[in-house]
Amino acid sequence: MSQLQSPPALGLPETPQDGSFQPQQNMFQVSSHPLALLFLILFKGFALALYLLGNFFTDNFILLFVVCVLTLAVDFWTVKNISGRLLVGLRWWNEVREDGTNEWIFESRDQSVPINASDSRIFWSVLYATPAIWSLLAIVAFFSLRFQWLLIVIIAVLLSSANLIGYQRCDKDQKKRWSQLTGNATSAGFMSGMVSGLMNNAIAGGVVGRLFNRG
């Protein structure tokens, strides 16, 4: 008589018959845009490594300053124009009007387009962590009297904070527009149902009236 096999425990992966375990997928394997995710982390990591470890390779501060600032600028442009659009479906930019005032412009994905949850989580985590790390380094540079290095850190804080604020506003704008679309769809459905109900009642009332009038 064959025996029933007990089901595997909930939340635990099944063990293969050969006793080996399958390795878990990393964040690039589960990402919908692994290349965009790579550059999201690569430029930030390179700028931090250059700032922290650059002195071990050269004593030329001007060279380190130029390369670090260029890396920060490339990272800012990449996150603003590519990473956000691919990983979370958002994009922002700021335009100066003729009267000198600034205008925030936002783009966002359609509500029907899904977003990879892993990409979104990593994007927002990195976006919040970057200015926090550079702010901590700014405090260290200030109290250690490394004022020339403090200039690099200030630039990094300004650029990373600009991206954070831009995407925060873009995300709020997206949620607001989606809420308005949902409300409009609900109102339209209610009005359509009410009109349909009135028409049905009118038709039914007319048919019943005709039946009684025929007698």
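The values are calculated or read from the model by the stated rules, or taken from the named source; none is laboratory data. Please read these numbers as outputs of a predicted model, since none were measured by experiment. Neighbour counts run over all protein chains shown; Cβ positions are idealised from the backbone, glycine included. Surface accessibility is based on the protein's heavy atoms, side chains included, excluding ligands, DNA and RNA. Shrake-Rupley method; radii C 1.70, N 1.55, O 1.52, S 1.80 Å.
The set of residues from the range 125-154 being within 14 Å of the chain's Cα centre (by Cα) and in contact (Cβ under 8 Å) with a residue 40 or more places away in the chain comprises VAL126, LEU127.
Quick one: count up the residues across the range 35-94 that are under 26 Å from the mean Cα position of the chain (by Cα) and open to solvent by 30 Å² or more (accessible area, probe 1.4 Å).
From the range 35-94, those under 26 Å from the mean Cα position of the chain (by Cα) are 35-49, 68-94; that's our starting set.
Cutting the leftovers down to open to solvent by 30 Å² or more (accessible area, probe 1.4 Å) gives us 35, 38-39, 41-43, 45-46, 48-49, 69-70, 73-74, 76-77, 80, 82, 85-86, 91, 93-94.
Residues flagged as under 26 Å from the mean Cα position of the chain (by Cα) and open to solvent by 30 Å² or more (accessible area, probe 1.4 Å) within the range 35-94 amount to 23.
Of everything listed in (1) touching a residue at least 60 places away in the same chain (Cβ under 8 Å); (2) touching a Ser or Thr at 6+ places or on another chain (Cβ under 9 Å); (3) part of a helix (DSSP H, G or I), the single unmet condition for VAL157 is (1). In the condition set (1) farther than 16 Å from CYS170 by Cβ; (2) open to solvent by less than 30 Å² (accessible area, probe 1.4 Å); (3) among the polar types (S, T, N, Q), ASN116 is compliant with all but (2).
Report whether or not TRP104 is surrounded by fewer than 17 Cβ atoms within 10 Å (Cβ to Cβ), of a type outside the set (Ser, Thr, Tyr) and within 21 Å of ASP173 (Cβ to Cβ). Reasoning before the result, please.
Details: surrounded by fewer than 17 Cβ atoms within 10 Å (Cβ to Cβ): yes; of a type outside the set (Ser, Thr, Tyr): yes; within 21 Å of ASP173 (Cβ to Cβ): yes.
Taking the combined requirement at face value, the residue satisfies it.
Take the conditions (1) outside any helix (DSSP H, G or I); (2) open to solvent by 50 Å² or more (accessible area, probe 1.4 Å); SER125 misses just one of them, which is (1).
The criterion of being in contact with a helix residue (DSSP H, G or I) (Cβ under 7 Å, 6 or more places away or on another chain) and modelled with pLDDT under 90 does not hold for MET1. Within the range 94-114, residues that are over 19 Å from GLY166 (Cα atoms) sit with their Cβ atoms under 8 Å from residues that are open to solvent by 90 Å² or more (accessible area, probe 1.4 Å), at 6+ positions apart or across chains, in these pairs: GLN111/LEU181. In the range 131-164, which residues are closer than 18 Å to LEU53 by Cβ and β-branched (Val, Ile, Thr)? Passing the criteria: ILE133, VAL140, ILE152, VAL153.
If you go through the range 75-129 and keep only what is touching a Lys or Arg at 6+ places or on another chain (Cβ under 6 Å) and farther than 20 Å from LEU158 by Cα, you end up with ARG85, GLY89, GLU107.
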